[in-house]
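Notes follow once the structure below has been shown.
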Amino acid sequence: MPELTAFQWCLAVFAALGVGVAKSGFSGVSMVHVLAFAYIFGARDSTGVVLPMLIVGDISAVCTFRRHARWDYIRRMLPPACIGVVIGWLVMQRLPAAAFNPIIGAIVLSLIALHFMRLSRPVLFEKVPHALWFAWTLGLLAGVTTMLANAAGPIMALYFLAIALPKFEFVGTSAWFFLIVNVFKVPFSYQLGLIHGMTLLLNLVLVPAIVAGLFIGRWLVTRIPQKLFDSLLLAFAALAALRLIIHF
């Protein structure tokens, strides 16, 4: 078990709750747990710590929304995403650990900007054609980003919005897509030494918080406007990302 301070344990539990909340439909929350675990374990090592927790959340989401998945879009996005994972794995073998904090910070800021654009100007994405090049471009970007930072949620949200998926199909398709991609990432993270016995033990301890987050997310969905909730969390994540880049 990793040796954590009381504050770090509190932050880890909060971040695990965020994993569950994000998988219940609040995609903006994903930025918070990415940055929280990067703060605790370092940007590079945190990717392996978070991955099994994401898979737990994906399985729960699939069990709930599996009937709503659009497999035609999943099949279209999986090949470029898997290629992107391999590219991200190669990049991680060649970059020093110290380089990951600014990289993750920059990735998060870019995704936050795209996410705010999606929230504020959805019309810009409604007319994007159902073109293969568009799927492959976002799929490759999602694969690289999820391998480097476990932060591809907003990219996939942009794609699914562009093709105008209804709400439940959006959630069900996302659930299956990320379950498959995250399981695909496991051997690459293991080869990099990011997943091992101590991280898995920590994951096991935090599973109840992930499950609690799923229930909290479902409760929040019916009571808080998602646009406002995501906007507040993304603003907080932007400050944390800036801290990773410029160390203020």
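The values are calculated or read from the model by the stated rules, or taken from the named source; none is laboratory data. Note that the coordinates shown come from a computational prediction; the quantities given were computed from them, not determined experimentally. Heads up, the Cβs are rebuilt from the backbone with ideal geometry, glycines too, and the neighbour counts pull from every protein chain shown.
Things worth noting here:
- The requirement of being modelled with pLDDT under 75 and either touching a His at 6+ places or on another chain (Cβ under 7 Å) or assigned to a helix (DSSP H, G or I) (or both) is satisfied by F236.
- Complete set of residues in region 58-71 that are assigned to a helix (DSSP H, G or I), at pLDDT below 90 and not polar (S, T, N, Q): A61, V62, C63, F65, R66, R67, H68
- Test: residue in region 91-107 that is in contact (Cβ under 8 Å) with a residue 12 or more places away in the chain and touching a Phe, Trp or Tyr at 6+ places or on another chain (Cβ under 7 Å): no
- Residue in region 80-92 that is surrounded by 14 or more Cβ atoms within 10 Å (Cβ to Cβ) and outside any helix (DSSP H, G or I) present: no
- Filtered residues of region 40-75 (kept if acidic (D, E) and surrounded by fewer than 21 Cβ atoms within 10 Å (Cβ to Cβ)): D45, D72
Conditions tested, residue by residue: (1) among the acidic types (D, E); (2) at pLDDT below 80; (3) under 19 Å from the mean Cα position of the chain (by Cα).
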{"position": "A97", "(1), (2), (3)": "no, yes, no"}
{"position": "H115", "(1), (2), (3)": "no, yes, yes"}
{"position": "S120", "(1), (2), (3)": "no, yes, no"}
{"position": "A131", "(1), (2), (3)": "no, yes, no"}
{"position": "G139", "(1), (2), (3)": "no, no, yes"}
{"position": "N150", "(1), (2), (3)": "no, no, yes"}
{"position": "F184", "(1), (2), (3)": "no, no, yes"}
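- Qualifying residue in region 191-212 (condition: over 30 Å from L90 (Cα atoms), exposed (fewer than 15 other Cβ atoms within 10 Å of the Cβ) and either among the acidic types (D, E) or modelled with pLDDT under 80 (or both)): no
- So L161, is it in a helix (DSSP H, G or I), at pLDDT below 75 and over 24 Å from F14 (Cβ atoms): yes
- Residues that are among the aromatic types (F, W, Y) and modelled with pLDDT of 80 or more within region 164-182 comprise F170, W176, F177, F178, listed in sequence order.
- Of the residues making up region 108-123, those that are within 18 Å of Y159 (Cβ to Cβ) and in contact (Cβ under 8 Å) with a residue 12 or more places away in the chain are L111, I112, L114, H115, F116, R118, L119, P122.
- Within region 164-190, restricting attention to residues that are outside any helix (DSSP H, G or I) and in contact with a helix residue (DSSP H, G or I) (Cβ under 8 Å, 6 or more places away or on another chain), the residue that is surrounded by the fewest Cβ atoms within 10 Å (Cβ to Cβ) is A164.
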